[in-house]
Amino acid sequence: MLNGRDAPFTTKLIAVGLSVAGLALGREFFIPIALALCFQALLTPLVRGLGRLRISAPAGAGVVVLGARAFLVVGGLASS
């Protein structure tokens, strides 16, 4: 059985091409997941900080999401 080092160049090229095509076709599925993971990584410290203030995690998540939405709305109104 061939390992990754011994695979011919054309096999690697086909694998990369198929991977790119699969990601391009699945972008409507993968982009929201990638954004959700980024937002989760960005906002989790804020929710934990609210937890230190004795605010439960669901309530803290609601506060953070509503605060982010308000920030975007105010930013949008200020730019117009």
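The values are calculated or read from the model by the stated rules, or taken from the named source; none is laboratory data. Here the structure is a predicted model, which is why all the values come from computation and not from measurement. So basically every Cβ, Gly included, is an ideal-geometry build from the backbone, and we count neighbours across all protein chains shown. With ligands, DNA and RNA removed, areas are computed over all heavy atoms of the protein, side chains included. Shrake-Rupley method; radii C 1.70, N 1.55, O 1.52, S 1.80 Å.
Give me a count of the residues in the range 22-34 that are open to solvent by less than 100 Å² (accessible area, probe 1.4 Å) and part of a helix (DSSP H, G or I).
7
Being open to solvent by less than 70 Å² (accessible area, probe 1.4 Å) and modelled with pLDDT under 95: is that true of residue 43 here?
Spelling it out, residue 43 is indeed open to solvent by less than 70 Å² (accessible area, probe 1.4 Å) and modelled with pLDDT under 95.
Quick test for you: out of 54, 5, pick the one residue that is open to solvent by 70 Å² or more (accessible area, probe 1.4 Å) and at pLDDT 90 or above.
54
Quick one: which of 59, 15 is at pLDDT 95 or above and surrounded by 11 or more Cβ atoms within 10 Å (Cβ to Cβ)?
The match here is 59.
Taking residue 37 as the residue in question, decide whether it is at pLDDT 95 or above, part of a helix (DSSP H, G or I) and surrounded by 10 or more Cβ atoms within 10 Å (Cβ to Cβ).
Spelling it out, residue 37 is indeed at pLDDT 95 or above, part of a helix (DSSP H, G or I) and surrounded by 10 or more Cβ atoms within 10 Å (Cβ to Cβ).
Under 8 Å by Cβ, and 6 or more places apart or on different chains, what pairs join a residue from the range 34-61 that is in contact (Cβ under 8 Å) with a residue 24 or more places away in the chain with one that is open to solvent by less than 90 Å² (accessible area, probe 1.4 Å)?
Qualifying pairs under 8 Å: 43/61; 43/64; 43/65; 43/68.
So which residues in the range 30-60 are under 26 Å from residue 19 (Cα atoms) and in contact with a Leu (Cβ under 9 Å, 6 or more places away or on another chain), if there are any at all?
30
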